[in-house]
Amino acid sequence: MVDAVKKISIILASDSPILADSLTSIFKGTKDLKLFGFSSSVEELGQLMTKFSPQVVLVDVSIKSDKFPALINQVAGQETKILVINQDLTPTQTIEALRYGVHGVIGRRTTPDLLCRCVRSVAAGDIWVGRGVTSELVQFLRVQNASNENGTPRNPDTEATQAPAPLPENRFGLTKRELQIVNARVEAQTNKDIAETCRISEFTVKHHLTNIFDKLGVYNRVELALFAIHHQLCPSGVRHPLLANEKSGT
């Protein structure tokens with residue numbers, strides 16, 4: 001006899017009972033997702049957290065709301081992952097949410113299928129932000145990082161005429177090629193772009209990325225970009241060529 005699929009336990013924190021009904025209906029159509037409870041206050045959320053120890057808490061509250069920090073603090077520090085369902089956030093607002101301890105941000109207009117994929121991804125330990133905002137988010141972080149280091153905002157016009165900065169000191173056992181691929185991913189280049197520039201196959205690019213993820217302890221492109229910028233693995237200036245004249249990479 002086949003064992004029943006273990007459900008991913010979910011709690012919703014929201015001001016909208018209608019949303020709870022909608023999510024219940026959506027998750028009923030899956031084999032692995034279940035909404036165990038709905039809370040409209042910090043107190044109710046605390047009680048549900050104690051009762052169900054959910055894997056994911058969906059937060060449908062604007063990050064500008066006074067209630068948002070209290071809801072996040074109620075969940076932070078536990079094994080539970082936090083997924084914010086919100087209006088389309090700017091990169092600045094997305095970063096603010098991530099700093100609060102949020103594991104994912106998804107828009108209210110998303111499809112049921114994408115919502116379910118997002119919940120599964122966050123429950124598995126990934127960080128989820130919309131693909132469309134990734135490049136903007138990375139660029140914002142790079143600007144912020146450079147501003148914090150120098151005390152003044154970067155000037156893209158003058159940077160364009162500067163020579164590429166040297167690759168940073170390698171502290172994580174990455175090869176030269178892996179550092180270059182990290183830089184390319186931070187610049188939002190696709191695997192196909194990297195393969196063409198390095199004159200290697202996309203399979204080889206994926207192999208390098210697997211090694212990079214293992215060495216850095218990250219799980220996806222967003223975590224890689226955040227890690228690389230935080231630890232200054234990539235120059236904060238202009239883009240760097242990926243050794244276009246090389247035919248193989250290690």
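A short reminder: the numbers here are calculations on the coordinates, not readings from a lab. Given the structure is predicted, the values throughout are model-derived calculations rather than measurements. No Cβ is skipped: glycine too gets one built from the backbone with ideal geometry, and neighbour counts run over all protein chains shown.
Here the contact order of segment 172-226, divided by its residue count and restricted to Cα pairs under 8 Å and six or more residues apart, works out to 42 percent. Couplings 3J(HN,Hα) for segment 175-190, derived from phi with the Karplus relation 6.51 cos²θ - 1.76 cosθ + 1.60 (θ = phi - 60°), are 6, 4, 5, 4, 4, 5, 5, 4, 4, 5, 5, 4, 7, 6, 6, 7 Hz, where x marks Gly and Pro. In this simple spin-label model, placing a label point 7 Å from the Cα along the Cα-to-Cβ direction at both Glu43 and Phe203 gives a separation of 6.2 nm. Near Lys28, within a Cβ-to-Cβ distance under 15 Å, what is the net charge of the other residues, with Lys and Arg +1 and Asp and Glu -1? Every neighbour counted, the sum reads 0. Each residue, Ala70 and Ser25, gets one label point 7 Å from its Cα in the Cβ direction; the gap between the two is 3.1 nm. Charge tally for Val56 (other residues, Cβ to Cβ under 14 Å; Lys, Arg +1; Asp, Glu -1): +2.
Quick one: what are the phi-derived ³J(HN,Hα) couplings along segment 61-71, Karplus 6.51/-1.76/1.60 with θ = phi - 60°, whole Hz, x for glycine and proline? Running phi through 6.51 cos²θ - 1.76 cosθ + 1.60 with θ = phi - 60° gives 9, 4, 5, 7, 6, 5, 6, 4, x, 5, 5 Hz.
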